[in-house]
There are 2 protein chains.
Amino acid sequence: MKLENPRNVPEKLLLGPGPTPVESRVLRALSEPTLGHLDKDFVAIMDETRDLLRYVFQTKNELTVAMSGTGSAGMETACVNMIERGDKVIICTHGVFGTRMVDVAERCGAEVVTVSAPMGKPIDPEDVARAIKDNPDAKVVGIVHAETSTGVLQPLDDIAKAAHDAGMFVLVDAVTSLGGMEVPVDRLGLDMVYSGTQKCLACPPGLAPVTVNPRAVEHIKNRQQKVQSWYLDLTMIMRYWGQERFYHHTAPINMIYGLNEALRIIAEEGLENRWRRHRRNAEALWDGLEALGVKLLVDKEYRLPSLTSIVVPEGVDEAAVRKDLMSQYSVEIGSGLGELKGKILRVGLMGSGSNKENVVFFLAAFGTVLRKQGFGADIGGALEAVEKKLS
Amino acid sequence: MKLENPRNVPEKLLLGPGPTPVESRVLRALSEPTLGHLDKDFVAIMDETRDLLRYVFQTKNELTVAMSGTGSAGMETACVNMIERGDKVIICTHGVFGTRMVDVAERCGAEVVTVSAPMGKPIDPEDVARAIKDNPDAKVVGIVHAETSTGVLQPLDDIAKAAHDAGMFVLVDAVTSLGGMEVPVDRLGLDMVYSGTQKCLACPPGLAPVTVNPRAVEHIKNRQQKVQSWYLDLTMIMRYWGQERFYHHTAPINMIYGLNEALRIIAEEGLENRWRRHRRNAEALWDGLEALGVKLLVDKEYRLPSLTSIVVPEGVDEAAVRKDLMSQYSVEIGSGLGELKGKILRVGLMGSGSNKENVVFFLAAFGTVLRKQGFGADIGGALEAVEKKLS
């Protein structure tokens, strides 16, 4: 076999919707020696990782684990464990990931009632309240907290209250919010929340943190049907992460080291400091982008601090923008997904990537690329706006 | 939060059923910089990894990928994609992993006919032929090539022929054989074969190599029902690994680097050299163990070169043996699973772990630990037997 030698893995600045920049400390942790999945020293690392996950989820939930798959495996974990064939569920869709949740739930045999909002807008809690009233037999309300396809931050307070008042479970996708802003697990009693490691946790992709409250655990334990996925069956996985150390499958040992280190970095910074940092740098980016002369997709009130969607200005070729950013500056940003394909660009400032240097560098590079396409970006004005916000 | 500082990840010699020793080259590859999952440099690494997987699977199958989960996710991938609700399938059980396959298939809604053999024995091809004759409406025959719970190597030739003659698909678990011995994918036309990275491929756990032949791909494309797992749905995943680069989920980037490096190591050694090495060192271990005075569970003809099951001698406390090996020599071996719990010890010689030094060291350590329990192990004789075989 002809092999390129050595393997070519250049450094690039990941400012897309994920994966996000990974600190050397985390990369180094990945290459610590592999231990057995039942080894006492590995089990100690699992226990510490679980405690750290409880900290970032702000929860006391006993059942808090890292599933052995990427964020989408987290979504599937939530659906296969909470839903039985024939169950009615309400799912909110205001982007690609809400729509994906409908697909996953339907594959679990659920009858799905959808509550929608246009891409770029949040779900109206009134609409959810109405769906709950119209479908009192629904068991679960599923919703995406941070829509990675649009950059919308979905307020959860009213929706969680309405669902709980009706005796339903609330299942939340926090893939792009966890570690970058509050995910109010215990405050709102969210029943099952999942995330991914490659966003604001700033770890490579490969694990899906999941937390489940005691009420949902009881529901899962009392299922009539077996969980349709053996691999993601929490009734067994909780016995591996618990004291029993029941062998289920071989955990992705080295990925757990990486997650452990990424979570240690978060604990050292302090969760609230980290949230503030994400917010502050995002606001600087927004001000800079507006001064540059481009429009943002989402109203300020509903913008994610981790991910910003820029409306592609008329006459600008978005694919060429992304190509230039990569070839000229080694910067990756994201394109639009679904019906927003070609219409927006997505810029992530997550984990260690959320810093002033990246805001300044991105605006400078992006402005230059736009000017090349004839769009009169005001780079000087943009950088002044950043200085004003961050100095 | 109180954190142990630094994280404690001691070096241990992994001679259990997996994970197995991981070379520094592979560990270092894990910490190469994270790239985007659609980045052209990452895509080039995916393509090369797919070519290398085809080499270790000895196949020309276009659909050859690494699924984003551990070996058990490979098993689930095979079942959810090949089986539709109501399908009849024949599954061979001669250990814990065959039994697991029954469980996974039943969760897919299959009607399962089982063909069994006692743990420690291979499946009799005559029994499979009879089941095929009695169940002509079955669509799939599932079988474990290398039973990790017993150390049995299952001959596949006759079983594959009988299944194919009846128009059925053959689905094979090669978790503990791939990379350590021949897995006759194209030679026998095996329709879907899956493995894990943490055995003879000598990479940390976290990915499941899967290969599917064109006939099975056609079957999957013509399914009446959607694949019940969104995460493991090959109809979408083949579009990400193929030229289209359709976004499905964010691949575990750094784990792919590790697998790429582990497969490069295999290509450098040469697959057949690697098989010979595994065989030679296993035979030395067997001779050494017999000279030591212990019995092996499996008849020589059906022993795996990667994993050896030792019958616990009467009067010996197997848990104390494992504990002593770990505390005195930092060596991990495996206990029995299922009905063999407490009755056998499992010793793996996989990947770079299959070498003369480990055979000698293990026999010396194991013999000493047995002698401590009053079992008169002939350590000198064992080491002479190894010398005779390997010098």
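Could you tell me whether region A:329-346 includes any residue that is assigned to a helix (DSSP H, G or I), touching a helix residue (DSSP H, G or I) at 6+ places or on another chain (Cβ under 8 Å) and either under 23 Å from A:N281 (Cβ atoms) or of a type in the set (A, V, I, L, M, F, W, C) (or both)? Yes, region A:329-346 contains a residue that is assigned to a helix (DSSP H, G or I), touching a helix residue (DSSP H, G or I) at 6+ places or on another chain (Cβ under 8 Å) and either under 23 Å from A:N281 (Cβ atoms) or of a type in the set (A, V, I, L, M, F, W, C) (or both). The number of residues in region A:46-90 being within 12 Å of another protein chain (Cβ to nearest Cβ), over 21 Å from B:P205 (Cα atoms) and of a type in the set (V, I, T) comes to 3. Scanning region B:201-237 for residues that are within 14 Å of another protein chain (Cβ to nearest Cβ), of a type in the set (V, I, T) and under 26 Å from A:N254 (Cβ atoms) returns B:V210, B:I237.
Hey, among the residues in region A:91-121 that are surrounded by fewer than 19 Cβ atoms within 10 Å (Cβ to Cβ) and away from every other protein chain (no Cβ under 14 Å), which one's farthest from A:G338 (Cα to Cα)? In this case the residue turns out to be A:E111. Being assigned by TED's automatic domain parsing to the domain that holds B:I310, buried (at least 21 other Cβ atoms within 10 Å of the Cβ), aliphatic (A, V, I, L, M) and assigned to a helix (DSSP H, G or I) is true of B:V359.
Kindly establish whether A:A29 is of a type in the set (A, V, I, L, M, F, W, C), closer than 15 Å to A:G196 by Cβ and touching a residue at least 24 places away in the same chain (Cβ under 8 Å).
On the way: of a type in the set (A, V, I, L, M, F, W, C): yes; closer than 15 Å to A:G196 by Cβ: no; touching a residue at least 24 places away in the same chain (Cβ under 8 Å): yes.
So A:A29 does not fit the description; no.
Is it true that some residue in region B:172-183 is touching a strand residue (DSSP E or B) at 6+ places or on another chain (Cβ under 8 Å) and surrounded by fewer than 24 Cβ atoms within 10 Å (Cβ to Cβ)? Taking every residue of region B:172-183 in turn, at least one turns out to be touching a strand residue (DSSP E or B) at 6+ places or on another chain (Cβ under 8 Å) and surrounded by fewer than 24 Cβ atoms within 10 Å (Cβ to Cβ).
Of everything in region A:301-337 that's among the polar types (S, T, N, Q) and in contact with a Gly (Cβ under 9 Å, 6 or more places away or on another chain), which residue is surrounded by the fewest Cβ atoms within 10 Å (Cβ to Cβ)? Reasoning before the result, please.
Filtering region A:301-337 down to residues among the polar types (S, T, N, Q) leaves A:306, A:308-309, A:327-328, A:330, A:335.
Next, only the ones that are in contact with a Gly (Cβ under 9 Å, 6 or more places away or on another chain) stay: A:306, A:308-309, A:335.
Numbers: A:S306: 32, A:T308: 23, A:S309: 27, A:S335: 20.
Among those that are among the polar types (S, T, N, Q) and in contact with a Gly (Cβ under 9 Å, 6 or more places away or on another chain), it is A:S335.
Go through B:F42, B:F57 for me and flag whichever is surrounded by 20 or more Cβ atoms within 10 Å (Cβ to Cβ) and in contact with a strand residue (DSSP E or B) (Cβ under 7 Å, 6 or more places away or on another chain). Before the answer, list the steps.
Values: B:F42 fails: in contact with a strand residue (DSSP E or B) (Cβ under 7 Å, 6 or more places away or on another chain).
On inspection, the qualifying residue turns out to be B:F57.
Would a scan of region B:167-190 turn up a residue that is touching a residue at least 60 places away in the same chain (Cβ under 8 Å), assigned to a strand (DSSP E or B) and within 14 Å of chain A (Cβ to nearest Cβ)? Yes: region B:167-190 contains one or more residues that are touching a residue at least 60 places away in the same chain (Cβ under 8 Å), assigned to a strand (DSSP E or B) and within 14 Å of chain A (Cβ to nearest Cβ). Whenever a residue of region A:255-269 is of a type in the set (F, W, Y), its partners that are assigned to a helix (DSSP H, G or I), lying with C-beta atoms within less than 8 angstrom and at least six residues away or across chains, give the pairs A:Y257/A:A29; A:Y257/A:L30; A:Y257/A:I45.
Out of A:E84, A:E126, A:E62, one residue alone is free of Cβ contacts under 8 Å to residues at least 24 places away in the same chain and charged (D, E, K, R). It is A:E126. Filtered by the rule that a residue be of a type outside the set (A, V, I, L, M, F, W, C), under 18 Å from the mean Cα position of the chain (by Cα) and within 11 Å of another protein chain (Cβ to nearest Cβ), region B:238-276 gives B:G258, B:N260. Scanning region A:4-37 for residues that are surrounded by fewer than 21 Cβ atoms within 10 Å (Cβ to Cβ), assigned to a loop (DSSP other than H, G, I, E, B), more than 9 Å from chain B (Cβ to nearest Cβ) and of a type outside the set (D, E, K, R) returns a single hit, A:P6.
For region B:312-340, a residue qualifies if it is farther than 15 Å from B:L363 by Cα, more than 14 Å from chain A (Cβ to nearest Cβ) and free of Cβ contacts under 8 Å to residues at least 60 places away in the same chain, and the qualifying residues are B:E314, B:V316, B:D317, B:E318, B:A320.
Which residues, counting only those in region A:218-237, are over 23 Å from the mean Cα position of the chain (by Cα) and either of a type in the set (D, E, K, R) or modelled with pLDDT under 95 (or both)? Break it down into steps so the answer makes sense when it comes.
Applying the first criterion (over 23 Å from the mean Cα position of the chain (by Cα)) to region A:218-237 yields A:218-228, A:230, A:235-236.
Of everything in region A:218-237, those that are over 23 Å from the mean Cα position of the chain (by Cα) and either of a type in the set (D, E, K, R) or modelled with pLDDT under 95 (or both) turn out to be A:E218, A:K221, A:R223, A:K226.
Being over 24 Å from A:Q225 (Cα atoms) and either assigned to a strand (DSSP E or B) or assigned by TED's automatic domain parsing to the domain that holds B:Q224 (or both) is the requirement here; does B:V102 meet it? Give the steps one after another, and end with the answer.
Values: over 24 Å from A:Q225 (Cα atoms): no; either assigned to a strand (DSSP E or B) or assigned by TED's automatic domain parsing to the domain that holds B:Q224 (or both): yes.
No.
Tell me which residues, restricted to region B:133-153, are surrounded by fewer than 24 Cβ atoms within 10 Å (Cβ to Cβ) and either basic (K, R) or in contact with a strand residue (DSSP E or B) (Cβ under 9 Å, 6 or more places away or on another chain) (or both). Break it down into steps so the answer makes sense when it comes.
Filtering region B:133-153 down to residues surrounded by fewer than 24 Cβ atoms within 10 Å (Cβ to Cβ) leaves B:133-139, B:153.
Passing the criteria: B:K133, B:D134, B:N135, B:D137, B:A138, B:K139, B:L153.
The values are calculated or read from the model by the stated rules, or taken from the named source; none is laboratory data. Note that the structure is predicted; figures quoted are calculated from it, not measured. Please note: Cβ atoms are built from the backbone with ideal geometry, for glycine as well, and neighbour counts cover all protein chains shown.
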